[in-house]
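The values are calculated or read from the model by the stated rules, or taken from the named source; none is laboratory data. From a predicted model like this one, the values you see are computed outputs, not experimental measurements. Note: ideal-geometry Cβ built from the backbone for every residue, glycine included; neighbour counts use all protein chains shown. We work out accessible area using only protein heavy atoms, side chains counted, and drop any ligands, DNA or RNA first. Shrake-Rupley method; radii C 1.70, N 1.55, O 1.52, S 1.80 Å.
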Amino acid sequence: MTFKHNFKKVLSATAFAAALVVAPAANVSAATNDASSTQQSATATSQDQQASQDQAASQSSAANQSSSTSTSSATSTSTVKKTTKKAKKTTKKSKKKTSKKKAVRKVAKKTTKKKATKKKATKKAKKTSKKSTKKTTKAATAAVTASAGQSQATDQQDDAAKKAAEAAAKKAAAAKKAAAKKKAAAKKKAAAKKAAAKKRAAAKKKAAAKKKAAKKSAEKAAKYWIAMRESGGYYTARNGSCYGRYQLLISYLGGDLSKKNQERTADRYVYGRYGSWVNAKRFWLAHNWY
């Protein structure tokens, strides 16, 4: 719009200059042949105006016409050049402004696109974040639920293990108690058996001692009985070659007539020949000697 407005101003100025002289108008028309159809129509109009002005000027003096023609021709030529330069400059400026506007529009479009892309990316990121948050929440909830289930299962396992351990401990305690009881019973039985054996041994020992004592008593009684029958109990009694309490041969005594030797020699003789004084007494009763 700015370019067209400026070009109309140029055309009006050209028409005014062409009204003075026809020849310069032809140069202006030739210089502006590159304009649009609107410029051509404006040039035609200005030529008509120039024709009417020429008719009016022809009535004036010839001298004035020639001088004014040369002056106006030079003026119009310079004016056309200036106008053309100004039009070119204006065109360049408008082109620059247009290109700047286009560049600004492009930048604005790019910025808008970037903002839109950024918004889309932000929305997408938000959606992704929401989805990931939901997934994380679901996963956390599932993990908590699974953990609770595992904890409950672990608690149940612990309770079962605890009960099993308590049952095993009770069983072990009962077994230990039974073993201790059995051991005590065995120990008691062994002690009773030992006591019984000891008692039997004592009884046996007592019986043996009693028997020994009885035997000793019988031996003593038999020895005394024989002594009384042989010498009346005197250690100095003599009957031929026999001497002493037990009437042993003097040769048996070996020259020792003491009481101690008589007792020792008599015991050696009886135990060697009869085995005991009881047996010697039994023999004496059968034969009246021993």
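Annotations
- Qualifying residues in region 242-260 (those that are of a type in the set (Gly, Ala, Ser) and surrounded by fewer than 11 Cβ atoms within 10 Å (Cβ to Cβ)) - the one nearest to LYS281 (Cα to Cα): SER251
Residue-by-condition table, conditions (1) among the polar types (S, T, N, Q); (2) within 23 Å of HIS287 (Cα to Cα); (3) touching a strand residue (DSSP E or B) at 6+ places or on another chain (Cβ under 6 Å):
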site	(1), (2), (3)
LYS205	no, no, no
ALA209	no, no, no
GLU219	no, yes, no
ALA222	no, yes, no
TRP225	no, yes, no
ARG229	no, yes, no
THR236	yes, no, no
ASN239	yes, yes, no
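- Qualifying residue in region 223-238 (condition: closer than 20 Å to ARG268 by Cα, of a type in the set (Val, Ile, Thr) and open to solvent by less than 60 Å² (accessible area, probe 1.4 Å)): yes
- Meets criteria (at pLDDT below 95 and under 55 Å from the mean Cα position of the chain (by Cα)) for LYS176: yes
This table checks each residue for (1) modelled with pLDDT of 95 or more; (2) within 14 Å of MET228 (Cα to Cα).
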| site | (1), (2) |
| --- | --- |
| ASN239 | no, no |
| GLY244 | yes, yes |
| LYS260 | yes, no |
| ARG268 | yes, no |
| ASN279 | yes, no |
| ALA286 | yes, no |
| TYR290 | no, yes |
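- Looking only at region 275-288, residues that are surrounded by 15 or more Cβ atoms within 10 Å (Cβ to Cβ) and either more than 13 Å from TYR246 (Cβ to Cβ) or hydrophobic (A, V, I, L, M, F, W, C) (or both) come to 7 in all.
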